[in-house]
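The values are calculated or read from the model by the stated rules, or taken from the named source; none is laboratory data. Model, not experiment: these values are computed from the prediction. Methodologically, a virtual Cβ is constructed for each residue, glycine included, from the backbone with ideal geometry; neighbour enumeration extends over all protein chains shown.
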Amino acid sequence: MNKTFHVSRRMFLQRCSLAAAASGLPLWFVERDLSAAEAPKPSASPNARPTIGLIGCGGMGTGDASNASRFGEVVAVCDVDRNHAEGAAKKFTKNGKKPAVYGDFRKLLERGEINAIVQGTPDHWHTLVNIAAAKAKKDIYGEKPLTLTLDEGRHVIKAVRENKVVFQCGTQQRSSKRFHLTCELVRNGRIGQLKEVHVFVPGGILGNNFKSVPVPQELNYDFWLGQAPKEEYFTERCHRTFRWWWDYAGGPVTDWGAHHNDIARWAIGLEGPTAIEARVVTPPLPNGYTTPSEFEATLTWANGVKQIVKTTLDDSPFGQHLKENGQRNGLKFIGTNGWIWVNREEITASDKQLLIDPLPESAIKLEYSKDHMTNFITSMSSRKDPIASVETAHRSASIGHLIIIALRTGRKLQWDPAAETFTGEGAAEANKHIAREMRKPYDYSFAG
Ligand SMILES: NC(=O)c1ccc[n+]([C@@H]2O[C@H](COP(=O)([O-])OP(=O)(O)OC[C@H]3O[C@@H](n4cnc5c(N)ncnc54)[C@H](O)[C@@H]3O)[C@@H](O)[C@H]2O)c1
């Protein structure tokens with residue numbers, strides 16, 4: 001071996017040691033991570049850069065589009081709130097060129113030069129936007145959770161597959177090294193036989209007796225409500241706080257839950273649980289937000305694993321409303337040989353050695369993504385599925401939807417993940433919750 005090889009190898013190992021020390025990840029895993037294929041570099045050539053449309057210009061949509069703009073140009077933006085759309089258009093104006101502004105996403109999708117859309121609408125709009133975009137042959141980076149209901153997932157999968165578009169769900173923890181390492185260790189039996197997964201998600205918010213106010217001029221409120229029932233307007237129903245209403249989202253169950261349940265499922269390695277029970281811990285106040293701020297659920301998987309999902313004060317922006325319960329936001333995997341705790345900031349284990357010892361070459365290796373948006377952009381070129389494909393996103397979102405149905409029916413439920421139907425006692429009632437009535441004209445026909 002030549003001298004250059006030795007020097008560059010030494011530098012590589014130094015880089016790994018520094019990265020391992022900074023991240024708290026084991027050296028063997030960092031080495032593997034850094035040896036993995038380099039991410040595509042943002043291209044300066046206009047021809048190689050995808051053309052992007054942003055639909056839903058709130059906090060997350062704008063953040064995602066910023067992230068995507070490392071690789072391509074945002075040429076059009078759409079929001080039912082004109083102020084949000086104009087704000088995004090200003091943000092993405094480049095060299096004096098302002099993106100086109102739309103109030104109806106179907107018009108944006110008519111633009112032939114758009115290769116991909118980034119969508120950050122509230123949960124109750126995800127499905128129709130994704131279906132319309134797939135039909136318009138646009139690749140999609142769509143926010144989590146995939147859908148508002150179980151049934152919507154089947155429709156989105158069909159549209160994505162029939163139209164052969166690339167779909168990445170915004171469950172970015174799949175591209176995080178800590179979660180990847182945890183799931184790989186669990187799948188390879190590092191903590192023995194997996195027995196329990198404890199999922200702690202930040203709790204929701206309590207609030208009621210909201211003041212009805214005139215709809216702001218810049219907001220197309222009927223379009224914002226979309227498939228959900230017509231309701232009087234107050235600000236707490238709309239931007240950002242939509243997540244605490246059953247009509248538009250799933251409260252804490254699908255807010256952080258969409259991320260952590262996805263990781264739980266990745267480690268468990270099965271399609272879905274077979275039994276679900278859930279209880280409201282802190283009910284919503286009368287005449288206020290409709291999702292409970294605190295809940296607890298137990299899911300049983302076919303391999304005997306129990307998954308306990310609970311709300312916690314940690315990371316909840318509205319924590320002052322909640323009782324302290326001492327648990328942190330994250331996941332704990334408990335096996336016959338020990339446990340691993342993981343969240344976005346750290347990974348720890350009952351015994352350090354569980355993390356330090358490298359997995360053998362023959363170990364099960366989970367799909368790898370260095371960075372969630374990069375993974376999407378790379379998939380646009382390769383036409384291979386990204387790490388959070390539409391089927392993966394559907395199965396992971398289903399966990400939240402199942403918990404919601406158990407909470408709303410107050411029943412212990414049996415679920416057949418293969419047939420995607422409830423069985424046994426209470427099935428007739430629970431199956432009615434698989435789909436929701438969509439207010440016209442915002443049903444599937446709206447997506448073309
Ligand atoms: N991946 C993550 O970590 C993460 C973090 C936060 C939010 N999210 C997800 O992002 C989504 C948006 O959340 P947010 O906090 O940014 O909400 P937000 O209320 O700030 O933004 C939503 C935007 O969508 C617009 N909108 C509503 N209906 C529309 C339609 N039919 N067409 C076009 N625009 C429409 C709203 O006017 C608003 O500007 C949610 O689904 C949420 O779960 C993901």
Quick count over the stretch 101-115, residues being part of a helix (DSSP H, G or I) and either more than 8 Å from the ligand (Cβ to nearest atom) or in contact with a Gly (Cβ under 8 Å, 6 or more places away or on another chain) (or both), is 4
Picked from the stretch 136-159 (must be within 24 Å of THR378 (Cβ to Cβ) and more than 16 Å from the ligand (Cβ to nearest atom)), the residue surrounded by the most Cβ atoms within 10 Å (Cβ to Cβ) is ASP139
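When you check ILE434 against the structure, is it within 22 Å of the chain's Cα centre (by Cα) and assigned to a helix (DSSP H, G or I), yes or no?
In short, no.
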Taking ILE399 as the residue in question, decide whether it is closer than 20 Å to ARG265 by Cα, surrounded by 13 or more Cβ atoms within 10 Å (Cβ to Cβ), touching a residue at least 24 places away in the same chain (Cβ under 8 Å) and touching a helix residue (DSSP H, G or I) at 6+ places or on another chain (Cβ under 7 Å). yes
Among residues of the stretch 246-276 being away from the ligand (no atom under 12 Å from the Cβ) and of a type in the set (Phe, Trp, Tyr), the residue surrounded by the fewest Cβ atoms within 10 Å (Cβ to Cβ) is TRP246
Of the residues in the stretch 68-94 that are of a type in the set (A, V, I, L, M) and out of contact with any Ser or Thr (no Cβ under 7 Å at 6 or more places or on another chain), the one that is farthest from MET373 (Cα to Cα) is VAL80
When restricted to THR348, THR311, THR336, the only residue of a type in the set (Val, Ile, Thr), more than 27 Å from the chain's Cα centre (by Cα) and at pLDDT 90 or above is THR336
With criteria (1) within 21 Å of the chain's Cα centre (by Cα); (2) assigned to a helix (DSSP H, G or I), ILE387 comes up short on (2)
Sole miss for VAL118 among (1) within 19 Å of ALA132 (Cα to Cα); (2) away from the ligand (no atom under 15 Å from the Cβ); (3) of a type in the set (Val, Ile, Thr) is condition (2)
Exercise for the section: Confirm whether GLY192 is in the same structural domain as THR300 (by TED's automatic domain parsing) and either loosely packed, with under 15 Cβ neighbours inside 10 Å or within 12 Å of the ligand (Cβ to nearest atom) (or both). Expected result: yes
Report task. Evaluate the stretch 257-266: report whether one residue or more is assigned to a loop (DSSP other than H, G, I, E, B) and touching a strand residue (DSSP E or B) at 6+ places or on another chain (Cβ under 8 Å). Result -> no
- request: Can you confirm whether the stretch 193-204 contains a residue that is touching a helix residue (DSSP H, G or I) at 6+ places or on another chain (Cβ under 7 Å) and outside any strand (DSSP E or B)?
  value: yes
In the stretch 160-172, anything within 30 Å of ILE405 (Cα to Cα) and surrounded by fewer than 24 Cβ atoms within 10 Å (Cβ to Cβ) is listed as ARG161, GLU162, GLN172
Residue hits (the stretch 223-245; within 10 Å of the ligand (Cβ to nearest atom), part of a helix (DSSP H, G or I) and of a type outside the set (Val, Ile, Thr)) are PHE223, TRP224, LEU225, PHE242, ARG243
Considering only helices (runs of 4 or more DSSP H) wholly within the stretch 1-85, the ones with at least 2 residues that are modelled with pLDDT of 95 or more and small (Gly, Ala, Ser) are 59-68
Item to complete: Can you confirm whether the stretch 333-348 contains a residue that is within 25 Å of ALA68 (Cβ to Cβ) and surrounded by 17 or more Cβ atoms within 10 Å (Cβ to Cβ)?
Response: no
For SER175, the lone unmet condition from (1) under 16 Å from the mean Cα position of the chain (by Cα); (2) more than 18 Å from TRP224 (Cα to Cα); (3) crowded, with 24+ Cβ neighbours inside 10 Å; (4) not charged (D, E, K, R) is (3)
